[in-house]
Each structure stands twice: as C-alpha cells, then as structure tokens.
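The values are calculated or read from the model by the stated rules, or taken from the named source; none is laboratory data. The shown structure was predicted, so the numbers you read here are calculated from the model rather than taken from an experiment. We place every Cβ from the backbone using ideal geometry, glycine too, and count neighbours over all the protein chains shown.
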C-alpha cells in the first residue's frame, strides 16, 4: 500500500491535470465562444479538480507540513503544465 506522501502526490497529479485543462484548454477549444461559456465549462472541469485536490491535501497533511505540501503541489503543477503546453497547446516553453 502506498504511503500517504505517494497517495497525495498521485492525487495531486490527477488534480493538476483537471486544473490545467480548466484554466487553459478553453483558450484553444472555446476561443470562438463568449467568455462566459468558457467560464462555465472551466468551472465544470474545476469541480473534478476540487474533488481530487481536497482529499489529496488531507492525506498529505497527515505526514507533511503545509509548506512541504504546497511545494510538492507546485512541483507537480509544473510537471503537468510543461507537457500540456508543449503537446496540447503547441506552445514552446521559454523565458
């Protein structure tokens, strides 16, 4: 059985996939639609993100401090965002 750190990391990775799509996929997929349509669609996707993120943080907080949990989440967010930007959005990563 995976440790609480690994469970939290896996759940946060899944959560970040939903979050990244909720925040950015509408720029590609719904660019011709009014902003409020994109907002409602994004909010619907974000619901799934929260349903995964809240348990991930609760599990992680049993064995990690709040700063450790946040640092792990940010590292995972970058690990999810970079491939999303390159593969899905066809955007180069540069300074």
Matching residues, the stretch 86-95, being free of Cβ contacts under 8 Å to residues at least 60 places away in the same chain, assigned to a helix (DSSP H, G or I) and either touching a strand residue (DSSP E or B) at 6+ places or on another chain (Cβ under 8 Å) or surrounded by 10 or more Cβ atoms within 10 Å (Cβ to Cβ) (or both):
86
Can you find a residue in the stretch 46-66 that is in contact with a helix residue (DSSP H, G or I) (Cβ under 8 Å, 6 or more places away or on another chain), assigned to a helix (DSSP H, G or I) and farther than 15 Å from residue 11 by Cβ?
yes
Would you call residue 79 in contact (Cβ under 8 Å) with a residue 60 or more places away in the chain, closer than 26 Å to residue 95 by Cα and surrounded by fewer than 16 Cβ atoms within 10 Å (Cβ to Cβ)?
yes
Take residue 38 and tell me if it is on the phi < 0 side of the Ramachandran plot, free of Cβ contacts under 8 Å to residues at least 24 places away in the same chain, in a helix (DSSP H, G or I) and crowded, with 16+ Cβ neighbours inside 10 Å.
yes
For residue 13, all conditions in the list (1) within 27 Å of residue 64 (Cα to Cα); (2) not in a helix (DSSP H, G or I) hold save one; what is the number of the exception?
(2)
Among the residues of the stretch 70-79, is there at least one that is more than 20 Å from residue 4 (Cβ to Cβ), out of contact with any strand residue (DSSP E or B) (no Cβ under 6 Å at 6 or more places or on another chain), modelled with pLDDT of 95 or more and in a helix (DSSP H, G or I)?
yes
